[in-house]
Amino acid sequence: MSTALPVATPAEVRREAGRLFRRHRTTLTVALVVHVLAAGAGLAGPFLLGQMVDVVTGSGSAARVDVLAAVLAGCIVVQALLTRVAIRRSLVLGERVFAELRETFITRVLGLPLSTVERAGTGDLVARTTGDIDALSRTVRFAVPEILVALVTTVLTLTAAVLAGPLVALGAIVGAPLLIAGTRWYLKRARAGYLWERASYATINGTITETVDGARTIEALGLGDMRVTRSDDDLREAFAAEKRTLFLRSVWFPTAELAYVLPVVATLAWGAWLASAGHATAGQVTAVVLYMVQIVDPVDRLVSWLDELQVGLTSFARVVGIANVPPDRTPSGAVPSGEDIAAEDVRYAYVEGQDVLHGVSLDLAHGERLAMVGPSGAGKSTLGRLLAGIHPPRMGRVDVGGVPLVDLDVDRLRREVVLVTQEHHVFVGTLRDNLALAAPSATDEELLRALAAVDASELVEALPDGLDTVVGSGGHQVGPAFAQQIALARIVLADPHTLVLDEATSLLDPRAARHLERSLSAVLSGRTVVAIAHRLHTAHDADRVAVVEGGRIAELGSHDDLVAEGGAYAALWESWHGSSAPADAR
Ligand SMILES: Nc1ncnc2c1ncn2[C@@H]1O[C@H](COP(=O)(O)OP(=O)(O)OP(=O)(O)O)[C@@H](O)[C@H]1O
């Protein structure tokens, strides 16, 4: 089941944007002032041209025209220089703000509770880290500076037009109602449209990722057509969402274009009448009409970047929304007073109202080996994850040394309990980097000792550059057994007192598994171990066995006691023992 990650409300988006602007207030003010100066220099053009018209149509001298032309040329040069400085400052500001946003986002994503990520599915998160961050990048780097510049230029141009010919400039008003009405109509609908579009991209992403991840299963079960149909449905949804936003743009853009071309025509006609009636000079009309022509460019940019801003704000809402995920643990600073693990009346649900653990209590003494057995879906893995502090219980508590696991910060928790699964990711980087994840300050000797402890010394010696060999995707190929040994070496380095093993060696071929179990037993020595057992010899060798059935511990005791009791475990043992070589059991 997938539950989408939260999206920030418009008020939260405004608050976050306000915070960003406040933090960069000084740089922003400097950039804006330079933009205002550049725009101001640009505005001298129509005014000076108007003056020239008046000089030519009046009785002015040619020398005066020359002076005006020289000033005009000077203004153009100053405008070009100031514009360059202004654009540079805006871009640097955009880059800085975007870098900050990206870092905050990544920190928040890495701090997300695992259960939330699992519930939301990877599609949504991947879409937010890729598509939404890209859209946000365009907005912060280009749209915000462009909008600010266009806004400043528009206001200044209008002011200049009013100053050059107040009466003539009245003609510009005709475009305003159309522009305001069209923009309000668009803005009211744009957020919902773009949110729909972004969510549909996330769904496409999720389906594709899932299809690639499960390619073998899909092929084995012949589910190809089903996945294609599902992708088609996702694409249809995205197509519908894109059609909706396209429709919004197709109404708004032409309306806006009409709204900013109208003033040019209106001021020309209205100005011509005013001039003929003697209420304005030809120079004033020239200047105002030129300002109206000049204003088309900033208003046009304003309109198109405002659309980009809608896309960006939608992405910003999705990125900021990550912060709304409530934390699943609050480190209290309490320090465990021992190494015993105790679960008390633990209940847990993946889906609200559907508990998969129904009040489990369990005490583990330090150094004890407990095996968990039971039918598929009984809740063994879930209980294992709760005992390792991955998920907080819905009710009840899981403590280490008297402190709830969810009261410990993640670094401290991993020094107490670690979950070992069959999923062993080798990160792109050197072997040293991969190991140092568990102990950043470990020396090379310590790293090599950890590898030796898991029987991996020979494998490391065979690597071209030893600890410096780049492994992971695109680097030196590391087989599944070695990957698992790297993971085990990380455990040796992290040195937790308790381990929860969930199918740690079940995916490997038997020869590799036997070899790994030797490595594993070195890691297990001296630690408390909870092993989710698929091969019953693990249970046979454990100090105690917990039989999990239907989200409860149905039986708990030593192998011999449970066999003697003749219950579910005894039946399981009997059927396994009967069908398996007895030698395996020892
Ligand atoms: N991520 C999840 N989201 C929703 N339900 C889940 C999730 N993981 C497990 N469950 C459900 O919780 C119940 C217990 O599952 P769990 O994996 O803990 O059982 P298990 O005993 O470990 O089974 P197996 O031996 O097959 O791994 C099952 O009904 C399972 O469908």
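The values are calculated or read from the model by the stated rules, or taken from the named source; none is laboratory data. As the structure is a computational prediction, the values presented were derived from the model and not from experiment. Glycine gets a Cβ as well: all are built from the backbone with ideal geometry, and neighbour counts include every protein chain shown. Remember, those area values only see protein heavy atoms, side chains included, never the ligands or the DNA or RNA. Shrake-Rupley method; radii C 1.70, N 1.55, O 1.52, S 1.80 Å.
Overview of results
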read-out	value
Lone qualifier among Ala63, Ala73, Ala11 - being in a helix (DSSP H, G or I), closer than 30 Å to Ala169 by Cβ, among the aliphatic types (A, V, I, L, M) and open to solvent by less than 70 Å² (accessible area, probe 1.4 Å)	Ala73
Considering residues of the stretch 399-432 that are assigned to a strand (DSSP E or B) and within 15 Å of the ligand (Cβ to nearest atom) only, the residue least open to solvent (accessible area, probe 1.4 Å)	Val420
Which numbered condition Arg347 misses (of (1) crowded, with 23+ Cβ neighbours inside 10 Å; (2) within 16 Å of the ligand (Cβ to nearest atom))	(1)
Within the stretch 14-34, tally of residues that are open to solvent by less than 70 Å² (accessible area, probe 1.4 Å) and not hydrophobic (A, V, I, L, M, F, W, C)	4
Hits in the stretch 467-481 - residues which are outside any strand (DSSP E or B) and open to solvent by 20 Å² or more (accessible area, probe 1.4 Å)	Asp468, Ser473, Gly474, Gly475, Gln477, Val478, Gly479, Pro480, Ala481
Selection within the stretch 174-229 - β-branched (Val, Ile, Thr) and over 26 Å from the mean Cα position of the chain (by Cα)	Val174, Ile180, Thr183, Thr217, Ile218, Val228, Thr229
Filter result (farther than 19 Å from Ala44 by Cα, part of a helix (DSSP H, G or I) and in contact (Cβ under 8 Å) with a residue 24 or more places away in the chain) within the stretch 269-290	Ala269, Trp270, Gly271, Leu274
Near pairs, Cβ below 7 angstrom, 6+ apart or cross-chain, from the stretch 368-384 (closer than 24 Å to His497 by Cα and in contact (Cβ under 8 Å) with a residue 24 or more places away in the chain) to any residue that is among the acidic types (Asp, Glu) and more than 8 Å from the ligand (Cβ to nearest atom)	Glu368/Asp543; Arg369/Asp543; Leu370/Asp543
Checking Pro375 against (1) within 16 Å of the ligand (Cβ to nearest atom); (2) assigned to a strand (DSSP E or B); (3) open to solvent by 40 Å² or more (accessible area, probe 1.4 Å); (4) not β-branched (Val, Ile, Thr), the condition it does not meet	(2)
Those residues of the stretch 524-544 which are more than 14 Å from the ligand (Cβ to nearest atom), under 30 Å from Leu493 (Cβ atoms) and not acidic (Asp, Glu), in sequence order	Leu524, Ser525, Gly526, Arg527, Thr528, Val529, His537, Ala542, Arg544
Selected residue (only one of Leu101, Leu93, Leu82 is open to solvent by less than 40 Å² (accessible area, probe 1.4 Å), more than 16 Å from the chain's Cα centre (by Cα) and of a type in the set (A, V, I, L, M))	Leu93
